[in-house]
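Q: Quick one: this structure, given as structure tokens, is what I'll be asking you about.
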Amino acid sequence: MELAEAREILVSALNEHAIMRGEFTLKSGIRSTWFIDAKRAICRHPVLAATALLTLDRLDPRVSAIGGLTMGADPIAFATAAIAQAAGRPLKAFSVRKEAKGYGQGGRIAGSLESHDLVCVVEDTPSRGTSLLAAVEAVRAEGAEVIQTLAVVDRGGTAARVVDPLPFTPLLSAPDLGLPYEGGLAQ
């Protein structure tokens, strides 16, 4: 699959399956007239492969592990690691739990992350970037170095400022989908 085709598949699937209109309260507490449940689109065939291909294309070549807060990051991280492996690029994947589990080995990280890893933290649709930042902090607590953040859709236009000075790489922005940055998110 070519990158242009992958982008077309992702945009089409998001428009068809993920964008809802109405009155919504976002995780940040901001009211919005639209909402994107990206997983409703990303977790379909061939959208998952297209998203992973686009992610891998935008990934810093030094990245050795990819992940973020569960559930938003999971399909992106694990599919990208699989596509990378098929392309001959070693890439680990992990999830960050919202809370440390109190049994077994405990901790917030599930999957493969080591202290020497250079990490890309991913999210499906950040509004303000707070989930990205929470995952960055959890990865740093494990001793790994975050060198990039990435989102499928930059919903709010402010994530880049929240994670600054880390590079923020969105595959798409809300305006790419014909949607405004709204609710004061881009201010």
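Coordinate-derived values only; no laboratory data. Keep in mind that this is a model prediction, so the values were computed, not measured. Note that we place each Cβ from the backbone using ideal geometry, even for glycine, and neighbour counts take in every protein chain shown.
Q: From the backbone phi of the range 38-44, what are the Karplus-calculated ³J(HN,Hα) couplings (6.51 cos²θ - 1.76 cosθ + 1.60, θ = phi - 60°) in whole Hz, Gly and Pro given as x?
A: Values, residue by residue: 4, 4, 5, 9, 4, 7, 9 Hz.
Q: For GLU16, put the label point 7 Å out on the Cα→Cβ axis and report which residues of the range 24-54 keep their amide N under 13 Å from it.
A: Correct set: 41-48.
Q: Rounded to the nearest 5, what % of the DSSP beta bridges within the range 52-177 are antiparallel ones? Show your work: numbers first, answer last.
A: Numbers: 4 of 23 bridges.
In the range 52-177, DSSP labels about 15 percent of beta bridges as antiparallel.
Q: Given the C-alpha centroids of the range 103-146 and the range 1-64, what is the distance between them in whole angstrom?
A: Here the answer is 20 Å between Cα centres.
Q: Go ahead and set up a Gaussian network model of the chain, Cα springs under 10 Å, then flag whichever of LEU177, LEU133, LEU48 fluctuates most.
A: Among LEU177, LEU133, LEU48, the largest GNM mean-square fluctuation belongs to LEU177.
Q: Pick from THR158, THR130, THR33: which residue has the top mean-square fluctuation in a GNM of the chain where Cα pairs under 10 Å get a spring?
A: THR33
Q: Can you work out ³J(HN,Hα) from phi for every residue in the range 124-133, in order, using Karplus 6.51 cos²θ - 1.76 cosθ + 1.60 and θ = phi - 60°, giving whole Hz and x for Gly and Pro?
A: Running phi through 6.51 cos²θ - 1.76 cosθ + 1.60 with θ = phi - 60° gives 6, 9, x, 8, 10, x, 5, 5, 4, 5 Hz.
Q: Next question. Considering the chain as a Gaussian network with a 10 Å cut-off on Cα pairs, which listed residue, ILE83, ILE30, ILE66, attains the greatest mean-square fluctuation?
A: The residue with the greatest mean-square fluctuation here is ILE30.
Q: Report the antiparallel proportion of the DSSP beta bridges in the range 1-122 as a percent, rounded to a multiple of 5.
A: Numbers: 9 of 17 bridges.
Around 55 percent of the beta bridges assigned by DSSP in the range 1-122 are antiparallel ones.
Q: With +1 on each Lys and Arg Cβ and -1 on each Asp and Glu Cβ, and nothing else charged, work out how big the dipole of the chain is about its Cα centre, in Debye to the nearest 20.
A: Values: 19 positive and 21 negative charges, 87 e Å.
With only Lys, Arg, Asp and Glu charged at Cβ, the dipole is about 420 debye.
Q: Right, something else. From the square roots a ≥ b ≥ c of the eigenvalues of the alpha-carbon gyration tensor of the chain, which class results: rounded (a/c under 1.5), prolate (a/b over b/c), or oblate?
A: Details: a/c = 1.71, a/b = 1.23, b/c = 1.39.
It is oblate, given that a/c is not under 1.5 and a/b is not larger than b/c.
Q: What do you get when you divide the Cα radius of gyration of the range 39-127 by 2.2 N^0.38 Å, with N the number of residues?
A: Numbers: Rg = 13.0 Å, N = 89, 2.2 N^0.38 = 12.1 Å.
Output field value: 1.07.
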